[in-house]
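Structure first, commentary second.
The values are calculated or read from the model by the stated rules, or taken from the named source; none is laboratory data. Computed from a prediction, not measured in an experiment: that's the story for all the values here. Because the Cβ atoms are built from the backbone with ideal geometry, glycine has one as well, and the counts that use them run over all protein chains shown.
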Amino acid sequence: MCGIVGYIGEKQAAPILLDGLARLEYRGYDSAGVAVYHDGKIEMVKASGRLSVVADMTDNGKSLKGTVGIGHTRWATHGSPTDVNAHPHFNEKESIVVVHNGIIENFQRLKSILMGYGYAFLSDTDTEVIAHLLDFYYKGNPLDAISKAMQRMEGSYALGIIFKEFPDNLFAVRKDSPLIVGKTSDGSILASDVPAILNYTRDVYYIENEEIVRMSASSMEFFNIDEKELIKEPVHINWDADAAEKGGYEFFMLKEINEQPKAVSDTFSPRIKNDIVDIEDLNLSDEEIRNINKLHVVACGSAWHTGMTAKYIYEGLAGIPVEVDLASEFRYRDPILPEGTLLIIISQSGETADSLAALRLAKKKGIKVLAIVNVVGSSIAREADIVFYTMAGPEIAVATTKAYSCQLIAHYLLAMKFAHVRGKISDVELKEMISAMRELPGKINTLIGEKERIQRFANRYLAAKDVFFMGRGIDYAISLEGSLKLKEISYIHSDAYAAGELKHGTISLIEDGSLVIAILTQKDLYAKTVSNIVEVKSRKAFVMVVTNESNKEAESVADYMVYIPETNKYFANSLAIIPLQLLAYYISLGKGLDVDKPRNLAKSVTVE
Ligand code: F6R
């Protein structure tokens, strides 16, 4: 999830590149760089930290001469945010330079093949592989080299490329990562996102998968992967700068809800190889996995809710006992962590003070810590023994959506791996789960497509005072997250209950018209939760039910049904949470609140 910009034209390129990159900086990138061709040489300036570091190093771009260049702001995925790992990346002769947005899933394999041919690598990035791969295939024709490299690369990429021998051209290509190009009054420009080019043009070409663009100062040609020329029509962009940052959405939260299919797929795709879960890079051997006696899962807020979900999965699927703790509680008691405990810390930001303190406490007790983290190079990522990165990309809205969904995927993959290694599931069962996982992005997309219906329902509850969520097992964990989403952005009091607990107190709160949201995704628990629905119905509650398509049991007792597509029972949270995120979003929107920045909350809670 990086930002790329490229320019070729009559003006000096570097100031245009820096200006474009600055328009993408609101996402909080961790390093930046530019490369410009001038006088027979490609000059590169890059550094970790904010874009201002590169701006200072180049006198706002003025010290870099040349009218063709590429630039990049990095959100680290492979390799920590250091100067060396910052983009652009060169081939060894410094005759080809590349910026990249996306993830090359087979980069390790390509890297070892290229190393076998004598290529030396400077960085830990997947992108450097692209520069060397292009070099490997380059025999004087850039299009040929790009097309051949594309046939070898698996994963997602939007690339800006300069070949020193072709300084009158700038090349771009994409697969599964956004890329737009446009003609300006004095040249041609490319970017990964609309905000970067709005100052220069409003007529853009959206590049489709496996298309290549060859730009010059005065022309723009499009090719498919077989180098056959294509005709494309430009699209006029009407958005203002603010809307452009949000990809045309009114709030980042809705943008991020919509990004979930891709984020989820980016998180699992690199870890599924030949129908097995590949966590080789985590340095957790099969023997260590077999020796795990207990999992202790620690986190805060929504991340803790993914831990609550994961408990049912690690126990049910892998047969490993699990304890789930709030980090703020864990750190102030003396937790018993017997030998053979693996501590799992979950954090989007990787900076949450309580989670970091919990990690340090566990390490002090000699316990191995695996962290599921979104921000590469964050404190938790640096201090954990093992890091499983989620690939949600930058999350701006305070209320987490896509990072939460990616954390769930990380747990599923770990549970599947643990279960398989420990002989709890067969090859066939693993294969079935993998194919169910591959269907999740499409199913999430279908649910997002039903947003208007949820919005209509949300509009009826803008004045609600209390909302109750309930479910059993994984459905209880889903309820916890549904409730938190609602309360944090709508300021409506809501709580989540394990459905069986209602009669132990909470039911006294139910009165005529109270909204109760019941989650029923676990078939073996349908009947039990239906009986709890009957209990609240008899106190005149209004009941919305979120359940699987095949469940007709709840229809007769519910007032409003939301169906989710069938999936593996352990993956139900990934689908059931979508209508609940949308419900919270539309209630907050309907109340005219600042959805992205709810009062009293911060995105990263770095203090106690
Ligand atoms: C809720 C939310 C928070 C975070 C919590 C932990 O929408 O985002 O509850 O989940 O503050 O933050 P991280 O994951 O950064 O440790």
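Considering every residue within the stretch 495-514, establish whether at least one is within 16 Å of the ligand (Cβ to nearest atom) and in the same structural domain as Arg460 (by TED's automatic domain parsing). For the stretch 495-514, residues within 16 Å of the ligand (Cβ to nearest atom) and in the same structural domain as Arg460 (by TED's automatic domain parsing): present. Being in contact with a Leu (Cβ under 7 Å, 6 or more places away or on another chain) and either within 12 Å of the ligand (Cβ to nearest atom) or not charged (D, E, K, R) (or both): is that true of Leu342 here? Spelling it out, Leu342 is indeed in contact with a Leu (Cβ under 7 Å, 6 or more places away or on another chain) and either within 12 Å of the ligand (Cβ to nearest atom) or not charged (D, E, K, R) (or both). Taken as a whole, the condition of being in contact (Cβ under 8 Å) with a residue 24 or more places away in the chain and crowded, with 20+ Cβ neighbours inside 10 Å applies to Val562. A residue that is touching a Gly at 6+ places or on another chain (Cβ under 7 Å) and free of Cβ contacts under 8 Å to residues at least 40 places away in the same chain can be found somewhere in the stretch 352-373.
Conditions (1) out of contact with any Pro (no Cβ under 6 Å at 6 or more places or on another chain); (2) over 28 Å from Pro261 (Cα atoms); (3) surrounded by 20 or more Cβ atoms within 10 Å (Cβ to Cβ), marked per residue:
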residue	(1), (2), (3)
Ala310	yes, no, yes
Leu337	yes, yes, no
Ile344	yes, no, yes
Asp354	yes, yes, yes
Ala358	yes, yes, yes
Leu361	yes, yes, yes
Leu408	yes, no, yes
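Mind checking whether some residue in the stretch 523-532 is under 18 Å from Ser302 (Cβ atoms) and either over 22 Å from the mean Cα position of the chain (by Cα) or surrounded by fewer than 22 Cβ atoms within 10 Å (Cβ to Cβ) (or both)? Within the stretch 523-532 (the criterion being under 18 Å from Ser302 (Cβ atoms) and either over 22 Å from the mean Cα position of the chain (by Cα) or surrounded by fewer than 22 Cβ atoms within 10 Å (Cβ to Cβ) (or both)), the answer is no, since none of the residues qualifies. When every residue of the stretch 456-474 is checked against the conditions, none turns out to be more than 15 Å from Thr309 (Cα to Cα), within 16 Å of the ligand (Cβ to nearest atom), out of contact with any Phe, Trp or Tyr (no Cβ under 9 Å at 6 or more places or on another chain) and without any contact (Cβ under 8 Å) to a residue 24 or more places away in the chain. In this structure, Ile161 does not satisfy being surrounded by fewer than 24 Cβ atoms within 10 Å (Cβ to Cβ) and in a strand (DSSP E or B).
Quick grid of which residues meet (1) without any contact (Cβ under 8 Å) to a residue 24 or more places away in the chain; (2) within 16 Å of the ligand (Cβ to nearest atom); (3) buried (at least 17 other Cβ atoms within 10 Å of the Cβ); (4) closer than 30 Å to Ser508 by Cα:
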site: Glu395; (1), (2), (3), (4): no, yes, yes, no
site: Thr400; (1), (2), (3), (4): no, yes, yes, no
site: Gly423; (1), (2), (3), (4): yes, no, no, no
site: Ala436; (1), (2), (3), (4): no, no, yes, no
site: Leu440; (1), (2), (3), (4): no, no, yes, no
site: Asn445; (1), (2), (3), (4): no, no, no, no
site: Lys451; (1), (2), (3), (4): no, no, yes, no
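So, in the stretch 272-306, of the ones that are modelled with pLDDT under 95 and in a helix (DSSP H, G or I), which residue ends up farthest from the ligand (Cβ to nearest atom)? Checked the stretch 272-306; the qualifying residue farthest from the ligand (Cβ to nearest atom) is Glu280. Taking Ala358, is it assigned to a loop (DSSP other than H, G, I, E, B) and either closer than 21 Å to His78 by Cα or in contact with a helix residue (DSSP H, G or I) (Cβ under 7 Å, 6 or more places away or on another chain) (or both)? Here the answer is no, as Ala358 does not meet what is asked. Of the numbered conditions (1) crowded, with 22+ Cβ neighbours inside 10 Å; (2) within 15 Å of the ligand (Cβ to nearest atom), Tyr412 fails exactly one; give the number of that condition. Evaluating Tyr412 over (1) crowded, with 22+ Cβ neighbours inside 10 Å; (2) within 15 Å of the ligand (Cβ to nearest atom) leaves (2) as the failure. Checking the structure you have, find out if any residue of the stretch 317-332 is more than 14 Å from the ligand (Cβ to nearest atom), outside any helix (DSSP H, G or I) and at pLDDT below 95. There is at least one residue in the stretch 317-332 that is more than 14 Å from the ligand (Cβ to nearest atom), outside any helix (DSSP H, G or I) and at pLDDT below 95. Across the stretch 479-495, a minimum of one residue is classified as in contact (Cβ under 8 Å) with a residue 12 or more places away in the chain, in a strand (DSSP E or B), surrounded by 18 or more Cβ atoms within 10 Å (Cβ to Cβ) and in contact with a helix residue (DSSP H, G or I) (Cβ under 6 Å, 6 or more places away or on another chain). For Ile162, state whether it is farther than 28 Å from Gly66 by Cβ and of a type in the set (Val, Ile, Thr). In short, no.
Which one of these does Thr309 not meet: (1) away from the ligand (no atom under 16 Å from the Cβ); (2) part of a helix (DSSP H, G or I); (3) among the β-branched types (Val, Ile, Thr)? The failed condition is (1). Of the residues examined, Leu230 is one that is among the hydrophobic types (A, V, I, L, M, F, W, C), touching a residue at least 12 places away in the same chain (Cβ under 8 Å) and surrounded by fewer than 20 Cβ atoms within 10 Å (Cβ to Cβ).
Here the stretch 110-124 is the region considered, the condition is being within 27 Å of the chain's Cα centre (by Cα) and farther than 22 Å from Lys164 by Cα, and the residue that is modelled with the lowest pLDDT is Asp124. Screening Val45 against (1) at pLDDT 95 or above; (2) farther than 17 Å from Val84 by Cα; (3) touching a helix residue (DSSP H, G or I) at 6+ places or on another chain (Cβ under 6 Å) leaves a single unmet condition, (2). Within the stretch 1-38, the set of residues being in a strand (DSSP E or B), buried (at least 21 other Cβ atoms within 10 Å of the Cβ) and in contact with a Leu (Cβ under 8 Å, 6 or more places away or on another chain) comprises Gly3, Ile4, Val5, Gly6, Tyr7, Ile8, Ala32, Val34, Val36. Restricting the stretch 370-386 to residues that are more than 14 Å from the ligand (Cβ to nearest atom) and closer than 23 Å to Gly340 by Cβ leaves a set whose member that is surrounded by the most Cβ atoms within 10 Å (Cβ to Cβ) is Leu370.
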